[in-house]
1. Can you name every residue in segment 251-273 that is out of contact with any helix residue (DSSP H, G or I) (no Cβ under 8 Å at 6 or more places or on another chain), part of a strand (DSSP E or B) and touching a residue at least 40 places away in the same chain (Cβ under 8 Å)?
2. State whether one or more residues within segment 222-235 are closer than 19 Å to residue 114 by Cα, under 14 Å from the mean Cα position of the chain (by Cα), assigned by TED's automatic domain parsing to the domain that holds residue 96 and crowded, with 19+ Cβ neighbours inside 10 Å.
3. Of all residues in segment 89-122, which are in contact (Cβ under 8 Å) with a residue 24 or more places away in the chain, in a loop (DSSP other than H, G, I, E, B) and out of contact with any helix residue (DSSP H, G or I) (no Cβ under 8 Å at 6 or more places or on another chain)?
4. Collect the residues in segment 156-181 that are at pLDDT 95 or above, under 21 Å from residue 211 (Cβ atoms) and outside any strand (DSSP E or B), keeping them in residue-number order.
5. Would you check which residues across segment 231-246 are part of a loop (DSSP other than H, G, I, E, B) and in contact with a strand residue (DSSP E or B) (Cβ under 7 Å, 6 or more places away or on another chain) and list them?
6. Checking residue 139 against (1) touching a strand residue (DSSP E or B) at 6+ places or on another chain (Cβ under 8 Å); (2) assigned to a loop (DSSP other than H, G, I, E, B); (3) free of Cβ contacts under 8 Å to residues at least 40 places away in the same chain, which single condition isn't satisfied?
7. Could you run through segment 64-88 and say how many residues are outside any loop (DSSP other than H, G, I, E, B) and in contact (Cβ under 8 Å) with a residue 60 or more places away in the chain?
């Protein structure tokens with residue numbers, strides 16, 4: 001949103017009447033003075049706004065739909081199959097599944113890369129059980145663009161993201177999904193990303209904020225890896241992980257994002273506590 005700066009009148013209505021023609025002359029003189037010094041004044045204002053801590057929302061936000069989840073107030077978990085061991089596959093099925101349990105789906109999105117049979121490509125931990133082991137192989141494709149990484153949640157809903165190389169098995173990990181590439185590693189953009197790249201796709205990902213909250217995001221338009229990573233960096237994420245590309249969808253009714261289709265493997269769902 002464009003910011004419009006409004007400067008209050010320096011003279012009251014009574015004073016303007018009293019000044020009469022002198023006031024008109026003063027206004028004309030001030031106008032000429034302002035026109036002459038406008039560039040200097042505008043430069044001064046820019047510096048003052050910067051020093052005062054005034055900020056604007058990064059432009060990348062205009063092309064990103066995101067949800068910031070506080071694990072203290074929301075339940076975050078991974079979903080793959082229903083209680084009958086049938087794959088959920090779509091956000092519509094995920095929504096119906098949680099509603100059958102008298103829960104409200106706040107946000108849903110695909111949660112990592114999967115094979116043709118919808119099985120996870122990498123590590124998948126569900127309710128503390130390792131369903132698929134950590135994938136440390138080298139191959140072609142986004143998943144294998146090293147460093148890739150793991151997004152996981154502990155039993156007390158603490159979220160973390162780390163590189164695959166730094167991942168350590170822990171009995172306290174309750175949910176985990178592996179994907180790649182990492183978007184932000186220790187505050188820095190993935191070294192393989194290039195500004196201005198023509199590799200454009202709808203993309204979704206997850207990042208951890210400095211206060212422990214978790215941000216889930218999807219681009220509204222095709223975007224390259226570099227710009228998508230910049231979004232998470234600008235939001236203050238020390239680490240962020242790419243989840244998938246052109247197939248990505250998000251259900252987020254609070255932002256009028258109502259995707260309910262999809263043909264996924266693992267999905268991420270957030271419900272009310």
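The values are calculated or read from the model by the stated rules, or taken from the named source; none is laboratory data. Note that the structure is predicted; figures quoted are calculated from it, not measured. Counting neighbours? That spans all protein chains shown, and the Cβs are built from the backbone with ideal geometry, glycine included.
1. Scanning segment 251-273 gives 252, 257, 268, 270, 272.
2. There is no residue in segment 222-235 that is closer than 19 Å to residue 114 by Cα, under 14 Å from the mean Cα position of the chain (by Cα), assigned by TED's automatic domain parsing to the domain that holds residue 96 and crowded, with 19+ Cβ neighbours inside 10 Å.
3. Residues satisfying the conditions are 89, 90, 103, 111, 112, 115, 118, 119.
4. Matches in segment 156-181: 158, 172.
5. Once the filter is applied, which keeps residues that are part of a loop (DSSP other than H, G, I, E, B) and in contact with a strand residue (DSSP E or B) (Cβ under 7 Å, 6 or more places away or on another chain), segment 231-246 yields 237, 238, 245, 246.
6. Checking residue 139 against (1) touching a strand residue (DSSP E or B) at 6+ places or on another chain (Cβ under 8 Å); (2) assigned to a loop (DSSP other than H, G, I, E, B); (3) free of Cβ contacts under 8 Å to residues at least 40 places away in the same chain, the one that fails is (1).
7. 13
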